[in-house]
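Just so it is clear, none of the values below were taken in a lab; they were calculated from the coordinates. These numbers were taken from a predicted model, which means no experiment stands behind them. Here the Cβ positions follow ideal geometry from the backbone for every residue, glycine too, while neighbour counts run over all protein chains shown.
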Amino acid sequence: QDRLKALGKSDLPPIRHLHVIGAGAMGGDIAAWASLRGVTVTLQDLAPERIAPAIKRAHELYTKRLKLPHLIQAAMDRLIPDVAGSGVAKADLIIEAIVENAEVKKKLFAQVEPKMKAGAILASNTSSIPLQELFDALKRPERLVGLHFFNPVAQMMLVEIVESPRTPQHVMLAGQAFAKQIDKLPLPCKSAPGFLVNRVLTPYLNEAMLMVDEGIPPETIDAAAKDFGMPMGPIELADMVGLDVGWAVGQELAKPGAIVPKKLKALVDGKRFGKKSGEGFYKWVNGKPVKSS
Ligand code: NAI
């Protein structure tokens, strides 16, 4: 919080309308957070039933943080489900948080770009895909910046503001200003594999998962990490991030000869992605890890 205050607010005009595409773990919570901080948000996904859980989580967040019914209602009113994607044309900023697949993201960009208003910025929440792989889907790649939030959005201050070789300075500054506008801490970095945080985090998680392969129970590893001062152990964190997402990041960072944890591969192959699917390294009940699987 102190560092955020020291950074100060920006002189750039605030983002008034944000459009988020993908209402999953990240997109849903980014939308909820931005609305909590006063931004009007349209939230798009493939079907209304994919948006509904995000709206429910947003309501829980507002109830916890805002307490007063009229403030909760105002935040709910600012968060608008939008399956048709009509918010794209009005938004100052569009954040894409759909599946971690370059081809799917490029297809989406090609549909979205012609509808964007002049001066609007397009951001990707990708955790691992270099922006250089995405911007050739755009007629104007200079509109693209990475805004990489961390999970859980409401608790994690940091947002990596990712610069592609085509991102101009004013777009980087606008990304940083938006992070500050919603009380997050911007960390500008270049679009290199894993950006900054995942480049450091992924080898740590990978080593912990290799220890599971060696027969050490997840509980033992996580307890040791907590004794060491970590707020959460690496195996619980991997489950919480989503093993499919962790897998995709790991593939992006893997060097030839890197050792892939066997248990991780078996879980991802079996669609046991961690907290979001109710089972990963742990079985998850009511949002809490109960016992290793
Ligand atoms: P998720 O699987 O929870 O949600 C993705 C959502 O996108 C789903 O609701 C899906 O229906 C929707 N979607 C897919 N294609 C779509 C399309 N064409 N149009 C509209 N909606 C579409 O995934 P999650 O975990 O939220 O990840 C989303 C992005 O955020 C990925 O790029 C991921 O790498 C990144 N990310 C994930 C983090 C995590 O901890 N899970 C952390 C930081 C970034």
_What value in Å³ per residue do you get for the convex hull of the alpha-carbon atoms in segment 96-253?_
109
*Among Gly28, Gly246, Gly270: highest mean-square fluctuation, GNM of the chain, C-alpha pairs under 10 Å*: Gly270
*Give the span of segment 7-86's Cα atoms along each principal axis, as three whole-Å numbers ordered largest to smallest.*
38, 29, 19
*Calculated from backbone phi, Karplus (6.51, -1.76, 1.60) coupling profile of segment 90-106 in Hz, x at Gly/Pro*: 9, 6, 7, 9, 10, 10, 8, 9, 8, 3, 6, 9, 4, 5, 5, 5, 5
*Tell me, what HN-Hα J-couplings in whole Hz come from the Karplus equation 6.51 cos²θ - 1.76 cosθ + 1.60 at θ = phi - 60° for each residue of segment 263-272, using x for Gly and Pro?*
4, 4, 4, 4, 5, 5, 4, x, 6, 9
*Identify, among Met157, Pro81, Leu36, the residue whose Cα sits farthest towards the positive end of the charge dipole of segment 2-190, taking +1 on the Cβ of Lys and Arg and -1 on the Cβ of Asp and Glu, with the dipole about the Cα centre.*
Leu36
*Cα-based convex hull volume of segment 198-284 per residue, rounded to whole Å³*: 90
*Using only helices, what value at 222 nm comes out for the chain when you add -39,500 (n - 2.57) per DSSP H run of length 4 or more and divide by the total residues, to the nearest 500 deg cm²/dmol?*
-13000 deg cm²/dmol
*With +1 on each Lys and Arg Cβ and -1 on each Asp and Glu Cβ, and nothing else charged, work out how big the dipole of the chain is about its Cα centre, in Debye to the nearest 20.*
660
*Which angle from 0 to 90°, rounded to the nearest 10, does the C-alpha axis of helix 218-227 make with the longest principal axis of the chain?*
70
*What are the radius of gyration and Dmax of segment 57-150, computed over its Cα atoms and given in Å?*
15.6, 46
*In sequence order, calculated HN-Hα J values of segment 175-183 (Karplus, 6.51, -1.76, 1.60; Hz; x Gly/Pro)*: x, 5, 5, 5, 4, 5, 4, 9, 6
*Antiparallel as a % of all DSSP beta bridges within segment 2-190, to the nearest 5?*
15
_Cut-off is 10 Å between beta-carbons; in what order do Asp136, Asp92 appear when sorted fewest neighbours first?_
Asp136, Asp92
*Classify segment 2-190 as rounded, prolate or oblate, taking a ≥ b ≥ c as the square roots of the eigenvalues of its Cα gyration tensor: rounded when a/c is under 1.5, otherwise prolate if a/b is larger than b/c and oblate if not.*
oblate
